[in-house]
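Since the structure comes first, as structure tokens, the remarks are kept for the end.
The values are calculated or read from the model by the stated rules, or taken from the named source; none is laboratory data. Just so we're clear, the structure is a prediction, and the values are computed from it rather than from any experiment. Quick reminder, even Gly has a Cβ in these numbers, built from the backbone with ideal geometry, and neighbours come from all protein chains shown. The accessibility values were calculated without ligands, DNA or RNA, using every heavy atom of the protein model including side chains. Shrake-Rupley method; radii C 1.70, N 1.55, O 1.52, S 1.80 Å.
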Amino acid sequence: MDAFQAFAVPAFAVGGFFMVLSLIAWCILMLSHGARYTFGFLMTEDQVVTLQTREERKRAQKLATAGFVLSLLNRNLTMVGTSLAVAAGDTFVSRYSDVKAVIAKRRNDLIKVNNVLQRNTIYAEPHQYEFVWNYITSHCPDAKVK
């Protein structure tokens, strides 16, 4: 029991500290985006692409630049790489042939399109949901449909 307490107390303290930091970072991110995030989807015969709007792209680049500079000052190479990755990408692609699971979240108008290393969430308007769901599930031959 003493060993458990010796491990659990610091583990929960560190976990709580990082939860508070994450909450603060989330609040800063939401304030920078005006408490909303806008993007679009493009469905083709081979893939679904999630696209950032120009405004979101500009905001993301500003945050990535700030993260890059702060990471360099702190000599944190992991964050330098993460900031460069954020600055470089404005699309997220899910190829139908790679999809392993398609999950419906009808109450929230969501369709989760997952493969081994990627998770993509597609938002569909209620009047378009069935069409988008049927299109994606019919084009993902190896996926488990839930």
Report summary line: The correct count of residues that are surrounded by 13 or more Cβ atoms within 10 Å (Cβ to Cβ), without any contact (Cβ under 8 Å) to a residue 24 or more places away in the chain and either under 12 Å from K144 (Cα atoms) or basic (K, R) (or both) in the stretch 106-118 is 3
Query raised in the report: When you go through (1) closer than 30 Å to I136 by Cα; (2) modelled with pLDDT of 75 or more; (3) in contact with a helix residue (DSSP H, G or I) (Cβ under 9 Å, 6 or more places away or on another chain) one by one for L70, which number turns out not to apply?
Result: (1)
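Matching residues to (1) aromatic (F, W, Y); (2) modelled with pLDDT under 75:
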position	(1), (2)
L21	no, no
I28	no, no
L31	no, no
G34	no, yes
Y37	yes, yes
G40	no, yes
M43	no, no
D46	no, no
R57	no, yes
Requested in this report: Go through the stretch 16-42 and give me each residue that's out of contact with any strand residue (DSSP E or B) (no Cβ under 7 Å at 6 or more places or on another chain), open to solvent by less than 60 Å² (accessible area, probe 1.4 Å) and not in a helix (DSSP H, G or I).
Outcome: H33, G34, T38
Query raised in the report: Can you name the strands (runs of 3 or more DSSP E) wholly within the stretch 77-146 that have at least 2 residues being modelled with pLDDT under 85 and of a type in the set (K, R)?
Result: none
Query raised in the report: Name the pairs whose Cβ atoms lie under 8 Å apart, with the first residue in the stretch 121-144 and among the acidic types (D, E), the second part of a loop (DSSP other than H, G, I, E, B) and open to solvent by 90 Å² or more (accessible area, probe 1.4 Å), and 6 or more positions between them or separate chains?
Result: D142/K100
